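Report on the structure given below.
The values are calculated or read from the model by the stated rules, or taken from the named source; none is laboratory data. Since this is a predicted model, take the numbers as computed values, not measurements. Because the Cβ atoms are built from the backbone with ideal geometry, glycine has one as well, and the counts that use them run over all protein chains shown. Heads up: the accessible areas ignore ligands, DNA and RNA and are worked out on the full protein's heavy atoms, side chains in. Shrake-Rupley method; radii C 1.70, N 1.55, O 1.52, S 1.80 Å.
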Amino acid sequence: MSAHGPLCVGIDPHASLLDAWGLPDTAAGVRTFALTVLEAVGGQVAAVKPQSAFFERHGSAGVAVLEEVVAAGRDTETLVVVDAKRGDIGSTMGGYADAYLRDGSPLAGDALTVSPYLGSGSLAPAVEAALATGRGLFVLALTSNPEGREVQHARDAEGVAVADRVARAAGASNAAELATTGGDLGSIGLVVGATIGDAATRLGVDLSAVRGPLLAPGVGAQGAGAAELAAVFGDARRAVLASSSRGVLGAGPDVGALRDAARRAADEAGAALR
Ligand SMILES: O=c1ccn([C@@H]2O[C@H](COP(=O)(O)O)[C@@H](O)[C@H]2O)c(=O)[nH]1
């Protein structure tokens, strides 16, 4: 983020984008799409975020393309966040941790998005694998979609919002990690949508106390921009990695146009979060 600006470019090969790029809605089309995005922004932005769903919809051939994208990302200075939003009971979570967070696994990028809605403790195998291998997690806390509120804004018997419980669990892990390693940001980040308005403040979620990176989807196609980024994150803004998929991908398939769109988005995010 220091070197390239606080932008993550989502690699979301929607059927409609494949069509707009003149590509077939097949695993081969997805491969050309994803590798074109990497060619354009690899080494130019802080992170890319392949959306697993759009690879999975092509079955095993699509998952093989996701593996290829993860491997190609390793050859760039750009981090790869695999957006698979995994979450399950602890024993099964161990399987997902092996798949996405263990050295040598073909699906292991630099970080994985995970869902804490089977309980933050259920993510322990993923937290353990991330810390052991130098990878990271982004835990869904306050998602960019309006439907997330019914779960994330609910309060428990002690009056603490569910999203705040999630943030506190991440903060506790990061405090323990940073007490040993030093540094500014721990390995357990949160997903906090740039579209959430004043929800974090209203719910009492202290984003600065998390001491982890804050992945902020919702920039671009979902309507958030520089003003929203600045307003949502306040004092925590330096930890924010703004994420945009369609807002950048719409500039393709020309590599130069994609690169320019990503640079503009990175500059805008950087100015908003400075
Ligand atoms: O709260 C969340 C968590 C993840 N996402 C993902 O980000 C991209 C957004 O794509 P855009 O085209 O920029 O809208 C997509 O992969 C989502 O699954 C999110 O939007 N909100």
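Laid out as a table, the results:
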item: Contact order normalised by residue count of the chain, Cα under 8 Å, 6+ apart, percent; result: 19 percent
item: 5 angstrom amide H check on residue 87, placed H, neighbours 5+ away; result: 115
item: Projected label distance in nm at residue 76 and residue 26, using a 7 Å step from Cα toward the beta-carbon; result: 2.5 nm
item: Spin-label proximity, residue 168 to region 198-234 - amide N less than 18 Å from point 7 Å beyond Cα toward beta carbon; result: 200-212
item: DSSP beta bridge pairing in the chain, given as percent antiparallel to the nearest 5; result: 5 percent
item: Sites matching trypsin sites (Lys or Arg not before Pro) across region 21-119 that sit in DSSP coil, with at most 16 neighbouring C-beta atoms within 10 Å; result: 57, 102
item: Charge tally in the Cβ shell below 13 Å around residue 156, where Lys, Arg are +1 and Asp, Glu are -1, residue 156 excluded; result: +1
item: Charge sum, other residues only, whose C-beta stays under 15 Å from residue 261's C-beta, Lys/Arg counted +1 and Asp/Glu -1; result: -2
item: Residues of the chain: accessible area per residue with a 1.4 Å probe, Å²; result: 41 Å²
item: R0 of 30 Å, Cβ-Cβ distance residue 92-residue 208: FRET efficiency to nearest 0.05; result: 0.35
item: Whole-percent carbon and sulfur share, accessible surface of region 7-272, 1.4 Å; result: 51 percent
item: DSSP-defined antiparallel bridges as percent of all bridges, region 10-116, nearest 5; result: 0 percent
item: Helix 59-74 axis, angle to the chain major axis (alpha carbon atoms, nearest 10°); result: 80 degrees
item: Cβ-based net charge around residue 203, under 13 Å, with every Lys or Arg adding one and every Asp or Glu removing one; result: +1
